[in-house]
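Take a look at the structure below.
The values are calculated or read from the model by the stated rules, or taken from the named source; none is laboratory data. In this text the structure is predicted, and so the values were computed from the model without any measurement. Glycine gets a Cβ as well: all are built from the backbone with ideal geometry, and neighbour counts include every protein chain shown. To get the accessible areas, we keep the full protein, side chains included, count just its heavy atoms, and leave off ligands, DNA and RNA. Shrake-Rupley method; radii C 1.70, N 1.55, O 1.52, S 1.80 Å.
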Amino acid sequence: MQLHRLLLTATTVLLLASCAVQPGREVVAEARKALESTTVCCQDLSTAIRSPIPLIPTKVLIDKTQPAFNFGGQKAYFVLYELPAYERPYSIFLTSQAAGTLQDVAIFIPRVAMYDADFKVTRFFDERTLRNRGNDLERTVFINPSNQQERYIAVYGADLSASIERQYSMVTVQTISTGFVTFNIYGGQDGKSTLRASPVGSLQIEVKGLATASK
């Protein structure tokens, strides 16, 4: 299964601390319910709200605060950015950051569509070419001379109603103080983690190669 290839990562997890967070299954269930009740923003993406692509590293929440649109019959939350006039090659680096607990993880699986000035699709990137980094997913979109007619980029969630299980190893650290000396006791255990495709998530966007992006 494609979702399995995307989300299956290293099996060793170093756990130094934990906190009470919402499990992935709850994140996904709430997000799907909200998406079902959300009305699409428009029938034509050319009339959707857009903004200039940020030229400094920016974190964007893809959730019910964003508009929804039917991409090929699939309703999804999305962000739409206008690209700068082409001057030199550059790249757009996207990172989808996992949420949930160690045992139950939700992850937004981004699809990317590039458009020309008339909102005709010039390129499309789906989940098959994403890269793993831990539980996060990454993609780099290169804008080269052959792509200088592109004017817009839309990022939206893949409709993958699936989940997988994977093994992990958890390392724990317990600090012991005798009054005279303090030392750590290391332990560990194996467990299973469930990873779920989510229609919402946290997306990091970074433009590389433009002069203003490095200031």
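Residue selection: VAL173 satisfies the criterion of being at pLDDT below 90, farther than 30 Å from PRO67 by Cα, in a strand (DSSP E or B) and touching a Leu at 6+ places or on another chain (Cβ under 7 Å). So which residues in region 107-123 are of a type in the set (Val, Ile, Thr) and open to solvent by less than 30 Å² (accessible area, probe 1.4 Å), if there are any at all? Correct list: ILE107, ILE109, VAL112. Do we find a residue being over 23 Å from LEU137 (Cα atoms) and not small (Gly, Ala, Ser) anywhere in region 54-69? Within region 54-69, none of the residues are over 23 Å from LEU137 (Cα atoms) and not small (Gly, Ala, Ser). The set of residues in region 51-83 being within 12 Å of PRO199 (Cα to Cα) and either exposed (fewer than 14 other Cβ atoms within 10 Å of the Cβ) or not β-branched (Val, Ile, Thr) (or both) consists of LEU61, ASP63, LYS64, GLN66, ALA68, GLN74, LYS75, ALA76, TYR77, PHE78. The requirement of being more than 20 Å from GLU138 (Cα to Cα), under 20 Å from the mean Cα position of the chain (by Cα) and surrounded by fewer than 19 Cβ atoms within 10 Å (Cβ to Cβ) is satisfied by ARG32. The set of residues from region 60-97 being small (Gly, Ala, Ser) and either under 23 Å from THR38 (Cα atoms) or without any contact (Cβ under 8 Å) to a residue 24 or more places away in the chain (or both) comprises ALA68, GLY72, GLY73, ALA76, ALA85, SER96. Filtered by the rule that a residue be out of contact with any Phe, Trp or Tyr (no Cβ under 7 Å at 6 or more places or on another chain) and either hydroxyl-bearing (Ser, Thr, Tyr) or farther than 30 Å from GLU30 by Cβ (or both), region 120-149 gives LYS120, ARG123, THR129, PHE142, ASN144, PRO145, SER146, ASN147, GLN149.
For region 195-209, residues that are within 27 Å of ILE143 (Cβ to Cβ) and of a type in the set (S, T, N, Q) total 2.
Counting the residues of region 178-205 that are modelled with pLDDT under 75 and either over 23 Å from GLU30 (Cβ atoms) or not polar (S, T, N, Q) (or both) gives 14. Just one of the numbered conditions (1) acidic (Asp, Glu); (2) surrounded by fewer than 19 Cβ atoms within 10 Å (Cβ to Cβ); (3) within 19 Å of the chain's Cα centre (by Cα) is not true of ASP104: (2). The residues in region 35-50 that are open to solvent by 100 Å² or more (accessible area, probe 1.4 Å) and either over 15 Å from GLY157 (Cα atoms) or of a type in the set (Gly, Ala, Ser) (or both) can be counted, and the count is 3.
Applying the condition of being part of a strand (DSSP E or B) and open to solvent by 30 Å² or more (accessible area, probe 1.4 Å) to region 85-98 and asking which residue is farthest from GLN22 (Cα to Cα) yields PHE93.
The set of residues in region 99-146 that are among the polar types (S, T, N, Q) and either assigned to a strand (DSSP E or B) or touching a residue at least 60 places away in the same chain (Cβ under 8 Å) (or both) comprises THR101, GLN103, THR122, ASN132, ASN135, THR140. Against the list (1) modelled with pLDDT of 95 or more; (2) more than 16 Å from the chain's Cα centre (by Cα); (3) of a type in the set (Val, Ile, Thr); (4) under 23 Å from THR194 (Cα atoms), the condition VAL40 fails is (4).
If I filter region 147-160 for residues that are open to solvent by 70 Å² or more (accessible area, probe 1.4 Å), of a type outside the set (D, E, K, R) and at pLDDT below 85, do I get at least one hit? No, region 147-160 contains no residue that is open to solvent by 70 Å² or more (accessible area, probe 1.4 Å), of a type outside the set (D, E, K, R) and at pLDDT below 85.
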